[in-house]
Structures are given as C-alpha cells and as structure tokens.
Amino acid sequence: MVAPLKVGIAGLGTVGAEVVRLIEQQSRVLSARCGRGVRVVAVTARSKAKKRNLDLQGVEWAKSPLELASHPNVDCFVELMGGAGEPALSAIETALKGGKSVVTANKALIAKHGLKLAKAAEQSGAALNFEAAVGAAIPVVKTLREGLAGTAVNRVYGILNGTCNYILTRMEQEGLSFAECLKDAQRLGYAEANPSFDVDGHDTAQKLAILASLAFGTKVSQSAVYVEGISSIAPEDLRAAAELGYRVKLLGVAVRTAKGIEQRVHPTMVPKTSSIAQVMGVTNAVTIDGEGIPPITLVGPGAGGAATASAVVADIADVARGVRALPFGRPVERLRAIEKAPMERHEGGYYIRLMARDLAGTAATIATRLAEQKISIESIVQRHANGVDAVQTAGKAAPVPVILITYATSEDAVHRALDAVQRDKVISGRPQVIRIEKN
C-alpha cells in the first residue's frame, strides 16, 4: 500500500479554501486516479481566527509559510498566497531545496522568478507545477509543455483576463461606456477596487510571458511584452468593429517572426467568424497555431475559486502520480534568451478613427500623409451625426469621425503618418488606433 501524498497549503483565501474542500470531496476519485491517497496535513494563513467554513480537524497549523515549506511531514508544498516576492519566493525555494514538490497559482512569481525556481526544481528532482497561474481551469500549460512537445508552435494568443473581456462584452452588447462597465464589474466582484493591473493589461502580460516561454523555449521575460490596456476603447469603436465584421478583444499575442519573438498585449480587432471572437463575458480562451496542425483553441473559466482550485488539484494529482515534467518543457540551460521583435516593426492591418476638422483639404492632407508612408487603405467610412452632414457649433462645423481600415503595414509607418496628420492640425484630439489580428 502506497502512503498518501501529504500536502501543506500556504494561503487559505478563496482558492486555498476551495482546494482543501476539493481534496476532501474528491478523496476517492483522487486515490483511484493517482494510485495513492492525497491528504492535507498542514496549513498556514495570515489569520488563524478567520471563519472559513472549513473542517480543519486533524490538520496542523504552521506558524509561517517558511515553517510549512520545511515541515518534515509535508511532501508537497502548495503556495496560494500570491505576490511576486516574499514570503512566497523564499517559501517555494525552501520547499524545492528540501526536495518537496511545489504547486502554485502565482503568475506574478513565475513571470518574475520562474527560471530560478525551475532550476532549483531540476537540481532537487522535485516538481514545480503552475497550471493554475495561466487560464485557471484551461489546461494550456500542459498542452504547450507536454501535449504539443512534438509540434513547433508559431503563435499563441488569447483572452487571458476575464475582467477585461467582461467589460468589452458589456460595452458591445449594451452600448455602455468603459467607466460604466468597470463600475458594474467592481460591484459584481469581477474587478478589484483598484482595477489598473487588469484593465491596463499587466495581468495579461504576466500570463503571456509564461506562455511564450513554454511555446518558444525562451527565457520568461515580462519586460519584453508590449502592453496597452482597454480604457481608451469607446462604444463607437465597438459599433464600427461590428459593422466591419470584427469584434474587439484584449489579446495577449506571442508570435515567432523573422525579426524575433513578438510579445504584445493590446485591444485587438478579430474577425467575428474566429473562435476567439465567440468568447464572451468572464470566459478565457487561448489559441495555439502549430506547424502542420489546424489552430487549437482552449476555452474555459480563467479565474474564480473553483476553476483555479481545479487546476491546483490536477497539479497535486500529478505529483501524487510521480509525474515530473520540466517546469518550462526543457532544461533551464536550454532556454534561449528572448530575441525581442521591436513593436515598431510589427506588421498587420489597423483600424484608425480620426476626428476630422471641417476644413478645405482635410481629406487630401490625411490621404497624402498615409501615402507618404506607403499605407494602403482597405476601406474608409465617414460618419455624420444623426444623418446630417455636420453639426454646427458656434457657427463652425464640429469634427466628423473618419474611420480607416488599412492593409498590412508597419506600426512605425502608422505612427509616423498620424504624427504628421496631427502636426497639420486637420484633426481634433488623439487618433484611436486598434490593431487587427487575422485568423
């Protein structure tokens, strides 16, 4: 009879408490699937007195994460405290150096210190599993690391933040402003009181950096990711996208190019016919383009206690089975330094919305500036308010929205053209630019 895997859990918030419940509820199933039992033997959290509606009878309470990580009765250390630094970093290092396998849902820590921790895991022969760090219940880490081990990946992209997808969905379906939808997301608990980490794209960037390493065999580098958030998106952009056959999503995109690996997070127009465009609300999705196979899209709940806990328990089950996959799919010494493709050399189609002033020669000036940068226009739409040619304001016609869709061009060319148009003073305010991602 094989002894059960003894688990220690640091962090008893929403996810940690759900992991304890899940291990208890799935005890028989886990035992059957793993060939041995899985038992929580010790825990730690900031407050022991907090009510959690958990049965912790017979479970030891460690004084600190470090004490739990070095506990002689723990085989597998589960870190669910969060944070890119202490105490999570030292606790995981301690566990790995002591030969204990580690399971974590901590994307910030893996994005910042993943290579150092992976090296420690390699040296001790312990597992370092972090499926729950990206996409919660979506098994994208295992898919890239193990399922597609024999496939060269060319591009991985997806919706990696449920808060942003919820806000964009509401804006599109109800014609609401970004501010209105954000307020509602906060009320419903989908967005934090300080939502900037989500809506400014940094959460997606951390997850993308991890996926890019797994996909391309490169060192994790969050600083190599170009990041742009969704706060500038207006309802009129979503209406225009719909009319043009697109939908706007905040995407994380990592793609192999001749110039290096491009990693970028930004609002993106995707064809309505694409799989990723169908993903609405708080749901996440990741599409993987590999050599010789059609694109694979994984869709599911990317956040929440139950979804994240399910991925954590799956990782614990792998430890119980004796599975020891290299954390990033290959030895750390074989991971290449990332050759970053400069964002200004990104090539693709662009949506550009300008507020054109009612001046003689405005259209010709805009066309000239685009032509100077060799930018070809696929379509142009000039909108008028309430069906009239222009709105009179203090005797002058108000600016008219002009929407341009370009053929493939470079980021640099678009910015040079628009800078010139602004210097010509034929538009009001800043141009809105959204990149287009084809299937």
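Side notes on the structure shown:
- Considering each residue of segment 184-200 in turn, none proves to be of a type in the set (Asp, Glu), surrounded by fewer than 15 Cβ atoms within 10 Å (Cβ to Cβ) and over 21 Å from Ala136 (Cβ atoms).
- Scanning segment 1-51 for residues that are assigned to a loop (DSSP other than H, G, I, E, B) and under 22 Å from Arg321 (Cβ atoms) gives Met1, Val2, Ala3, Pro4, Gln26, Gly35, Arg36, Gly37.
- Unmet criterion (only one of (1) in contact (Cβ under 8 Å) with a residue 60 or more places away in the chain; (2) open to solvent by 10 Å² or more (accessible area, probe 1.4 Å)) for Ile230: (2)
- Cβ pairs under 8 Å, 6+ apart, first in segment 269-287 and free of Cβ contacts under 8 Å to residues at least 60 places away in the same chain and hydroxyl-bearing (Ser, Thr, Tyr), second part of a loop (DSSP other than H, G, I, E, B) and surrounded by fewer than 20 Cβ atoms within 10 Å (Cβ to Cβ): Ser275/Pro295
- If the condition is being surrounded by fewer than 18 Cβ atoms within 10 Å (Cβ to Cβ), touching a residue at least 12 places away in the same chain (Cβ under 8 Å) and more than 20 Å from Leu96 (Cα to Cα), then segment 1-20 contributes Val2, Ala3, Gly13, Thr14.
- Residue within segment 291-307 that is among the β-branched types (Val, Ile, Thr) and open to solvent by less than 10 Å² (accessible area, probe 1.4 Å) present: no
- Of all residues in segment 164-183, those satisfying the criterion of being closer than 30 Å to Arg145 by Cα and open to solvent by less than 10 Å² (accessible area, probe 1.4 Å) are Cys164, Asn165.
- Pick from segment 278-309, criterion touching a Pro at 6+ places or on another chain (Cβ under 9 Å) and of a type in the set (Gly, Ala, Ser), ranking: farthest from Glu146 (Cα to Cα): Ala307
- Ile159, sole failed condition from (1) open to solvent by less than 30 Å² (accessible area, probe 1.4 Å); (2) of a type outside the set (D, E, K, R); (3) at pLDDT below 95: (3)
The values are calculated or read from the model by the stated rules, or taken from the named source; none is laboratory data. Here the structure is a predicted model, which is why all the values come from computation and not from measurement. Here the Cβ is made from the backbone with ideal geometry for all residues, glycine too, and neighbour counts use every protein chain on show. These area figures cover heavy atoms from the full protein model, side chains too; ligands, DNA and RNA do not enter into them. Shrake-Rupley method; radii C 1.70, N 1.55, O 1.52, S 1.80 Å.
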